[in-house]
Amino acid sequence: MNKKIGFTCAYTPVPLIEAAGFSPFRIFPDSKAPDQAGHLLHDNLCPHVKKVLDRALADDLPELDGLIFINSCDSMRRLADAWHEAKPDDPIILVDLPSGTNSLSLDFLSKEYERLAKTLFRWNNEPFSIKKIKDKIDNWNLVAASVKKIEKKMSRDYFPGYASGLQQIINTAATESTDKALAMAQKELQPEEPAKAGLAPVFLFGNLLFDPKVFDLFEEWNVHVTASDFCTTSRFITPVDTTADDNIFRALASSYMEQTPCARTMDTAKPGDIAQKIVQRAKKSNARGVIGFTLKFCDPYLARIPMIRQALQKESIPFLMLEGDCTMGSMGQQQTRIEAFTEMLGV
Amino acid sequence: MMYDHFENAVKGITDKLNQDPEGINAKKKYVLELSKLGKKLYSEDETIAWCGVTAPFDLLGAMGITSCFVEFVGAMLSSTQTAGGFFEEAEDSGFATDSCAYHRAVMGAVLKNAMPKPDFIIGTSSPCTAGLAVMENFAHQYKKDFFILNVPQNYTQDAIKYLAAQLEDMTLFVSDHTKRPLSKEKLGIALENFNASSTLLKEIYDLAKTKPSPVDNNLLKDFSTVITLMMGTQQGVDICQAFKNELNHRIETGQHTSSKEKTRLMWIQNRIQYPFPINEMLDDLGAKIVVDELNDVTWEPMDPDNPFESIAKRMISIPFSMDTTERIKHIQTLAGEYRIDGAINPCHWGCRQGTGTRGLISKGFKDINVPVLNLEIDCVDSRNLARGQIETRVEAFLEMLS
Ligand code: SF4
Ligand code: SF4
C-alpha cells in the first residue's frame, strides 16, 4: 500500500502527490472524535478546521507521511500552526497562496508548487521527475473530463443517485487515487434508472459538502442537484491546462488560481465576481433556484453572501442560504427549509 | 456629519493646545493629527484610498494619496459609541453577526453612505482574510478599482521579491489614477521621515520598558498600529518626538514612580475600543499595561535606494504576517524585555486570525512562566458585553498575580 500524504484544501494539486509516489488523503471533517480543537485554536473557527484538528488530536487518521497545508484563509493558517503543536513529528509543508490573480501571483504560486513538488519527492526519497508529474496530470485531467461530462448530464436531466455517485468518485480522487476515481467514473456511473421529472432543479454552492449521503438526502427532499460548487465537489477536480505554459508549475498555478473560484481568491479586475460566476453557473446548469450552504465562521464565504444574494435577486433567481457545521445531523435540521424552498420553486 | 465631527475635534484640541503652548501634550497632538486625517478623508477634496491594515501609508502619502485602513473607522465608530446603527445595517444586509466587528461597523457605514467614497482600494492579505474580503466588498460597492498586496507569510528572498514587485506595480496602479508618477524625491523624504519616526518609536518603547514604567494604561494604546498612518510625514516625526518627550518628562519629574505598578501587564493584539473602564479598573488594582503586543519596531531602516524591498521586508516582519511560531517568539521576547508579570488576551470575538492562536499563545506564555488571562470579548461591538463577568475575571486574575 502506498504511503499517504494528508491535505485539507482544494488548492492542493493531487498529481504532485501521486507523482512523488504517495497516495492523496484529503482529511475530511467527518469524525466522531471529541471536540477538543477549540482549546488549541478557538471555538469560533470554522468547524472544518476544528474537526480536522480533532481527528489529529484523537489519532483518528491513517498513518500519514506528511501534511500539506495551504495558506488559503486565516483558519487554515491557524490549523497549520496548531498541527505543529498537536503532531510535532509530522513533516509539514505550508504553501503560500496569493489572494489575487495576476502574473506576479502566478509566478509566485508556480514557485510554491515547485517547492511543494520537490519537497514531496524528497520526503519519499524519489528522484525529482517532471515526466512523472506530467503523466499524473494527464491522468487527473481524464478524471476532470469525466466529471465535467457527468455534470453536464446532471444539468440536463435528473437521474436518481447520480449526484451522490459523482461525489463518491470525487472523494475517491481525494482520498485514494486518481486511477481508481477514473475507473469509477468510466464504469460505475452509467445511470441505471431512466431520467425522472418532478424534482426542483437547484444549483448548490458553498465551502464544504462532501458526504455522498447528503446528496441522497437532497433528492429525498425534492432537490435535483443540477451542479454544485464546493471546495469538495467538482471544483476540487480542477483540470490542468498543460498548454497554458511550458513551465508545468506555472500551468498548474494558472489552472488552480483561475479555475478554482473559491471565495478566498479574487479577480481584482472584477471585484465581487464570485456572485456573477454563481449566477452564470446556476443558469448554465438550468437550475431554477440556488442553495448556498456555508459553514459557520467561514469569513471568505460569509463576507460574500450579501453580494451573491444581490446578484441572484437581480436575476430573479430564488436563493436559500443555509449555515451550519459539516455534520449530517446539521443537515437534518435544514429539511423543512429545503422542502419549503423546492415547493416555492413550483416544479 | 463626520466632517463636522472631525472639524470640531480639530478646533477644540487646537484651542486647548494654544492655551498651553509650552506643554508637551503628546496625546492631544496625536489625536489632533488623527482628527486632521479624518477631516481630510471626509473633505471630498482629496484623492482617497481605503486600505488594508498593513498598506504602505508612507509610499501612498508620497504619491499624494490620503489613505487609511478601514478598521480605523470601525474603531472610531466604536469609541464614539456611534457604531450600533451601522452594525444593524450590516447585519440586516447579511453580514454575519459573528464576523469581526471592525469590519461589520465599516460595512454598515458603507451601506448607510457614511464613509467617504474612495478613488480606489488597496487591500492587504495581512493581517486577515476577513479584512481582504471587506476590501473586495468596498470595491464592489463603490465600483472602484481594486489592488491587492499579497503579503507572503515567510520571510524568504522569493517572498520579499514578490511583495517588492507588487509594491512597484501598486505605484503604477496609483499613478494611473492620479496621472502623476512616483516622485523619487518625495518618496525619499517620506522614507526619511519613516526612519526618523522608527528611531523615535524604538526610543519610546525603550523608555516604556523602564521599571516602573512611565506609561499609563492609555498612553500607548494601539499606538504602533495607528501611528503607521503618519510615520512618513513630518507630523508623524513630531508626534513620536512628543511622546518621547512626554515619557522622559514623566521619568524626570518622578511621575512614573508615583503611579502604582504592582503588576506589569502585556496586552495582546488590539485594545477594547468602546468606553469600558478596564483601564481605570486596572489602575485601581495597581496593574499597568506596560506593553501592547504590536508596539514594536520589527523592521530595519528603509533604504531609499531600495524602497520597495525595504517596505516589503517591513510588511512581512509584522508578527501577524508570519506564522504563529514567529508571533510567539516575538511575544516572549517582549515579555522578557518589559519584565511583565502577566498578560491579557482579549480574544476579540470574530477575529479568526488572532483568536485562532489562543491556545498556542497561552502555551507560549506558559513556557516562560507568565500567566495569561484569556477573555472572550468583542473589542468593538459592546452590545453583548458581559461586563460583570469580565470585571470579575480580571479581578481574580490580578489577585492571583499579586
Ligand atoms: S475557506 Fe472557510 S470553510 Fe474553508 S477552511 Fe477557510 S474558513 Fe474554513
Ligand atoms: S481584529 Fe482580527 S479580523 Fe478584525 S481586523 Fe484585526 S486582524 Fe482582522
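The values are calculated or read from the model by the stated rules, or taken from the named source; none is laboratory data. Values in this document were obtained by computation on a predicted structure and should not be read as measured data. When we count neighbours, we look across all protein chains shown, and the Cβ atoms used for this are built from the backbone with ideal geometry, even at glycine.
Just to be sure, is B:Asp216 out of contact with any Leu (no Cβ under 9 Å at 6 or more places or on another chain) and not in a helix (DSSP H, G or I)? Criteria met by B:Asp216.
Tell me, yes or no, whether the stretch A:169-177 has at least one residue that is touching a Ser or Thr at 6+ places or on another chain (Cβ under 7 Å), in the same structural domain as A:Arg309 (by TED's automatic domain parsing) and in a loop (DSSP other than H, G, I, E, B). Let's see the steps before the verdict.
To start, the set of residues in the stretch A:169-177 that are touching a Ser or Thr at 6+ places or on another chain (Cβ under 7 Å) comprises A:170, A:176-177.
Imposing the further condition that a residue be in the same structural domain as A:Arg309 (by TED's automatic domain parsing) reduces the set to A:170, A:176-177.
In the following step, the residues that additionally are in a loop (DSSP other than H, G, I, E, B) were identified as A:176-177.
Within the stretch A:169-177, one or more residues are touching a Ser or Thr at 6+ places or on another chain (Cβ under 7 Å), in the same structural domain as A:Arg309 (by TED's automatic domain parsing) and in a loop (DSSP other than H, G, I, E, B).
When A:Ser254, A:Ser285, A:Ser234 are checked against the criterion of being more than 16 Å from ligand 1 (Cβ to nearest atom), touching a residue at least 12 places away in the same chain (Cβ under 8 Å) and over 22 Å from A:Ser72 (Cβ atoms), A:Ser285 stands alone in meeting it. Given the conditions (1) within 13 Å of chain B (Cβ to nearest Cβ); (2) in contact with a helix residue (DSSP H, G or I) (Cβ under 9 Å, 6 or more places away or on another chain), which single one is not true for A:Gln313? The failed condition is (2). Looking only at the stretch B:21-79, which residues are closer than 27 Å to B:Phe308 by Cβ and of a type in the set (Lys, Arg)? Passing the criteria: only B:Lys40.
State yes or no: is A:Ile5 among the β-branched types (Val, Ile, Thr) and in a helix (DSSP H, G or I)? Judged against the criteria, A:Ile5 is not a match.
May I ask you to list the residues in the stretch A:117-137 that are in contact (Cβ under 8 Å) with a residue 12 or more places away in the chain and out of contact with any Ser or Thr (no Cβ under 8 Å at 6 or more places or on another chain)? Listed by number, the residues that qualify are A:Ala117, A:Thr119, A:Leu120, A:Trp123, A:Asn124, A:Glu126, A:Ser129, A:Ile130, A:Lys132, A:Ile133, A:Asp135. Looking only at the stretch A:31-45, residues that are assigned to a loop (DSSP other than H, G, I, E, B) and within 8 Å of chain B (Cβ to nearest Cβ) come to 4 in all. You will find that of A:Asp30, A:Asp35, A:Asp60, the residue that is away from ligand 2 (no atom under 16 Å from the Cβ), modelled with pLDDT under 95 and within 22 Å of the chain's Cα centre (by Cα) is A:Asp30 and no other. Filter the stretch A:259-274 for residues that are crowded, with 22+ Cβ neighbours inside 10 Å, part of a loop (DSSP other than H, G, I, E, B) and touching a strand residue (DSSP E or B) at 6+ places or on another chain (Cβ under 7 Å) and give the result. Within the stretch A:259-274, just A:Pro271 meets the criteria. Restricting A:Ser164, A:Ser110, A:Ser155 to those that are in the same structural domain as A:Pro15 (by TED's automatic domain parsing) and among the polar types (S, T, N, Q) reduces the list to A:Ser110. For the stretch B:295-317, does any single residue satisfy the condition of being among the small types (Gly, Ala, Ser) and assigned to a loop (DSSP other than H, G, I, E, B)? Checked the stretch B:295-317: no residue is among the small types (Gly, Ala, Ser) and assigned to a loop (DSSP other than H, G, I, E, B).
The residues on offer are B:Gly354, B:Gly359, and the sole one that is under 29 Å from B:Gly388 (Cβ atoms), assigned to a helix (DSSP H, G or I) and free of Cβ contacts under 8 Å to residues at least 12 places away in the same chain is B:Gly359. If you go through the stretch B:127-152 and keep only what is in a helix (DSSP H, G or I) and in contact with a strand residue (DSSP E or B) (Cβ under 6 Å, 6 or more places away or on another chain), you end up with B:Leu132, B:Met135, B:Glu136, B:Phe138, B:Ala139. Report whether or not B:Leu132 is among the aliphatic types (A, V, I, L, M) and within 11 Å of ligand 2 (Cβ to nearest atom). Yes.
Restricted to helices (runs of 4 or more DSSP H) entirely inside the stretch B:38-112, those with at least 3 residues that are within 16 Å of ligand 2 (Cβ to nearest atom) and away from chain A (no Cβ under 14 Å) are B:70-79. Contact map, the stretch B:52-71: residues that are within 19 Å of B:Val237 (Cβ to Cβ) paired with residues that are polar (S, T, N, Q) and within 16 Å of ligand 2 (Cβ to nearest atom), Cβ distance under 6 Å, separation 6+ or inter-chain. Pairs shown: B:Phe57/B:Thr228.
Residue-level check: of (1) buried (at least 24 other Cβ atoms within 10 Å of the Cβ); (2) away from ligand 2 (no atom under 16 Å from the Cβ), A:Pro47 misses just (1). Please pick out the residue among B:Ile316, B:Ile361 that is closer than 22 Å to B:Thr228 by Cα and within 14 Å of chain A (Cβ to nearest Cβ). After ruling out the rest, the residue left standing is B:Ile316. Among the candidates A:Tyr301, A:Tyr256, the residue that is crowded, with 21+ Cβ neighbours inside 10 Å, hydroxyl-bearing (Ser, Thr, Tyr) and within 16 Å of ligand 2 (Cβ to nearest atom) is uniquely A:Tyr301. Restricted to the stretch A:47-134, the set of helices (runs of 4 or more DSSP H) holding at least 1 residues that are away from chain B (no Cβ under 11 Å) and within 16 Å of A:Thr265 (Cβ to Cβ) comprises A:103-123.
Filtering the stretch B:152-182 to residues that are in contact with a helix residue (DSSP H, G or I) (Cβ under 7 Å, 6 or more places away or on another chain), among the aliphatic types (A, V, I, L, M) and within 12 Å of chain A (Cβ to nearest Cβ) leaves B:Ala159, B:Ile160, B:Leu163, B:Ala164, B:Ala165, B:Leu167.
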